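Trainee: This is the structure I have questions about; it appears just below.
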Amino acid sequence: MYIKVYSYHVRPDKVEKYIKIQQMADSIYSEYVEKTTLHLNCIEDSTKWTEIHQYASEEAYQQAMEKINAHLAINELYEAFREVLIKDSEITEENYRLIDI
C-alpha cells in the first residue's frame, strides 16, 4: 500500500469553502483511481489540516496522477485551494508505504 500525507493550514473563515474544494477534488480523483482518504483537523490548532490518502500501490498512484493532472478542473481547484490557506503557509507532503508486522 502507498500512502501520501499532506499537511497545511486553512484560514478559519474559509473552512466551508475548503471542504467543498476537497469534495470536488475527491470526485475527480475517484474517476481515475481507487483510494481511501482521511481528512484530519488538529484539536490543538484548528487551522491545521492533514490529509492521508491510501492507494493500492505507488504505480497505481503515478498512473492516475498523469490523468488527474491533465484534468482542467483539478488545476482550478488547486488554485482555489491555495486561496483558502493561511497566507505564506507551507504545504508539506510525505510518502509512506505500509509495512505488515
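Trainee: Within the set of pairs 6 or more residues apart or between chains, which connect a residue that is surrounded by 10 or more Cβ atoms within 10 Å (Cβ to Cβ) and among the aromatic types (Phe, Trp, Tyr) inside segment 69-90 to a residue that is modelled with pLDDT of 95 or more and part of a strand (DSSP E or B) with Cβ atoms less than 6 Å apart?
Mentor: none
Trainee: Moving on to the next point. Would you mind finding the one in 46, 27, 7 that is among the small types (Gly, Ala, Ser) and under 21 Å from residue 96 (Cα atoms)?
Mentor: Selected residue: 7, the only one of 46, 27, 7 that is among the small types (Gly, Ala, Ser) and under 21 Å from residue 96 (Cα atoms).
Trainee: Across segment 28-51, which residue is farthest from the chain's Cα centre (by Cα) among those that are closer than 24 Å to residue 11 by Cα and of a type in the set (Asp, Glu)?
Mentor: Across segment 28-51, the extreme among qualifying residues is 44.
Trainee: Something else: Please specify each residue of segment 25-53 satisfying the condition of being under 22 Å from residue 90 (Cα atoms), of a type outside the set (D, E, K, R) and surrounded by 12 or more Cβ atoms within 10 Å (Cβ to Cβ).
Mentor: Answer for segment 25-53, where residues must be under 22 Å from residue 90 (Cα atoms), of a type outside the set (D, E, K, R) and surrounded by 12 or more Cβ atoms within 10 Å (Cβ to Cβ): 25, 37, 39, 40, 41, 42, 46, 47, 49, 50, 52, 53.
The values are calculated or read from the model by the stated rules, or taken from the named source; none is laboratory data. Just so you know, these numbers come straight off a predicted model, no measurement behind them. All Cβ positions, glycine included, derive from the backbone under ideal geometry; neighbour counts span all protein chains shown.
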